[in-house]
1. Evaluate the following for residue B:65: is it buried (at least 20 other Cβ atoms within 10 Å of the Cβ), closer than 18 Å to residue A:56 by Cα and modelled with pLDDT under 95?
2. Select from the range A:82-92 the residues that are assigned to a helix (DSSP H, G or I) and over 17 Å from the mean Cα position of the chain (by Cα) and write down the one among them that is farthest from the other protein chains (Cβ to nearest Cβ).
3. Go through the residues of the range A:142-165 one by one and say whether even a single one is outside any helix (DSSP H, G or I), of a type outside the set (S, T, N, Q) and within 12 Å of chain B (Cβ to nearest Cβ).
4. Go through (1) away from every other protein chain (no Cβ under 14 Å); (2) assigned to a helix (DSSP H, G or I); (3) closer than 26 Å to residue B:53 by Cβ one by one and return the number of the condition residue A:139 breaks.
5. Please count how many residues of the range A:176-221 are among the small types (Gly, Ala, Ser) and in a helix (DSSP H, G or I).
6. If we keep just the residues of the range B:20-35 that are in contact (Cβ under 8 Å) with a residue 24 or more places away in the chain and over 14 Å from residue A:92 (Cα atoms), which is surrounded by the most Cβ atoms within 10 Å (Cβ to Cβ)?
7. Return yes when residue A:134 is more than 26 Å from residue B:8 (Cα to Cα) and away from chain B (no Cβ under 11 Å) and no when it is not.
8. Which one is surrounded by the most Cβ atoms within 10 Å (Cβ to Cβ) among residues in the range A:59-81 that are under 30 Å from residue A:196 (Cβ atoms) and facing chain B (nearest Cβ under 9 Å)?
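The values are calculated or read from the model by the stated rules, or taken from the named source; none is laboratory data. Please read these numbers as outputs of a predicted model, since none were measured by experiment. Cβ coordinates were reconstructed from backbone atoms using ideal geometry, including for glycine residues, and neighbour counts include every protein chain displayed.
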Amino acid sequence: MSSHLVEVDSAKRFNDMKTPPINPSLGIFPKSWSEESAGRIPGNIPIWVGILSELTEFALFFVAYFIAKFYYPDIFSQGPQNLHTSLGVANTIVLLTSSYFMAKAMSFIRINDKVKCEGYLWLAFSCGCIYLIIKTWEFHWNTLQGFSANTNEFFTVYYYMTFNHFIHVGWASCAILWVIFRLRRGAYSAQENSGLEALAVYWHMIDLMWILIFPLVYVLR
Amino acid sequence: MKAIKLIKLEWFLAALIAITLLNTFLGEQFSSTTLVCILIALTVTYKGFIVIDHFMELKHANKNLRFLMKCYFVIFPSLIIVSAFY
């Protein structure tokens with residue numbers, strides 16, 4: 001009896017060693033930053049580290065834009081007139097709509113309607129593909145007009161910002177496919193959907209960046 | 001309540017598209033006067049706030065993240081206004 005208790009006790013200690021208790025706080029941040037007092041973090045912390053890094057990267061592009069515009073105001077005034085504005089507007093509407101589809105997908109997973117959730121994810125993915133097709137067509141159209149990244153300072157900034165954004169939409173569209181695959185495997189439900197929510201906030205971040213890029217390169221003259 | 005939320009999302013999408021078209025119209029029809037730049041900057045801020053609060057759902061979520069995101073959409077539209085005075 002006693003040896004059995006010892007065995008149980010040692011097995012318990014062995015398990016405790018294998019899975020030490022997780023300390024959710026590193027203890028290096030003010031308590032006011034904690035999730036309990038500041039509020040829920042949509043998705044998860046790693047995706048927000050990624051989002052804030054991406055925002056910093058785009059912030060550098062925007063600062064570069066304003067500095068270049070300060071030194072070359074005439075070039076930046078003429079630049080947008082050489083672009084295909086309708087394609088820029090179409091892409092803005094496509095991305096805004098994709099954000100709406102993503103928000104709807106989140107609404108449906110919260111009520112465990114996985115069929116509708118998957119449907120809206122496919123719609124968001126389609127919007128991502130349409131954006132990529134339109135953007136590729138726009139780059140091709142620019143080339144036919146004789147414009148490239150070396151044309152002038154405006155086009156250098158334009159290609160720098162829009163091609164970078166293009167890449168982000170590309171890999172986020174691939175991430176949607178991955179999330180659809182995981183949804184079909186039963187990874188998400190009304191109770192646990194942090195992975196899906198992480199993708200949703202990342203997708204909205206990409207939309208937000210386009211909301212800023214669009215007026216800078218297509219509208220302001 | 002859920003139905004109201006979904007209808008709200010549709011209204012927000014319609015508002016975002018309408019603002020985009022308005023911005024394009026302003027940019028196409030008028031040279032970038034200071035007033036046009038200020039209008040565009042304000043609408044960009046508004047669009048950003050809608051996406052942050054209602055699509056990203058930060059309105060009732062972490063206040064620090066919401067603050068950071070909103071700061072972003074105050075700082076850069078402000079630079080659009082500043083650039084109008086170049």
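1. Values: buried (at least 20 other Cβ atoms within 10 Å of the Cβ): yes; closer than 18 Å to residue A:56 by Cα: yes; modelled with pLDDT under 95: yes.
So residue B:65 fits the description; yes.
2. Our first condition is that a residue be assigned to a helix (DSSP H, G or I); within the range A:82-92, this holds for A:82, A:85-92.
After this cut, where a residue has to be over 17 Å from the mean Cα position of the chain (by Cα) as well, the list is A:82, A:85-90.
Working: A:82: 14, A:85: 7, A:86: 9, A:87: 12, A:88: 8, A:89: 5, A:90: 10 Å.
Per the stated criteria, the residue is A:82.
3. Applying the first criterion (outside any helix (DSSP H, G or I)) to the range A:142-165 yields A:145-152.
Within this subset, residues satisfying the condition of being of a type outside the set (S, T, N, Q) are A:146-147, A:149.
Still in the list and also within 12 Å of chain B (Cβ to nearest Cβ): none.
For the range A:142-165, residues outside any helix (DSSP H, G or I), of a type outside the set (S, T, N, Q) and within 12 Å of chain B (Cβ to nearest Cβ): absent.
4. Of (1) away from every other protein chain (no Cβ under 14 Å); (2) assigned to a helix (DSSP H, G or I); (3) closer than 26 Å to residue B:53 by Cβ, only one is false for residue A:139: (3).
5. Taking the range A:176-221 as the starting set, the residues that turn out to be among the small types (Gly, Ala, Ser) are A:186-187, A:189-190, A:194-195, A:198, A:200.
Then keep just the ones that are in a helix (DSSP H, G or I); that gives A:194-195, A:198, A:200.
Looking only at that region, the number is 4.
6. If we filter the range B:20-35 for residues that are in contact (Cβ under 8 Å) with a residue 24 or more places away in the chain, which is where we start, we get B:20, B:32-34.
Imposing the further condition that a residue be over 14 Å from residue A:92 (Cα atoms) reduces the set to B:32-34.
Values: B:32: 19, B:33: 12, B:34: 10.
Ranking the candidates gives B:32 first.
7. Numbers: more than 26 Å from residue B:8 (Cα to Cα): yes; away from chain B (no Cβ under 11 Å): yes.
Yes.
8. Result: A:62.
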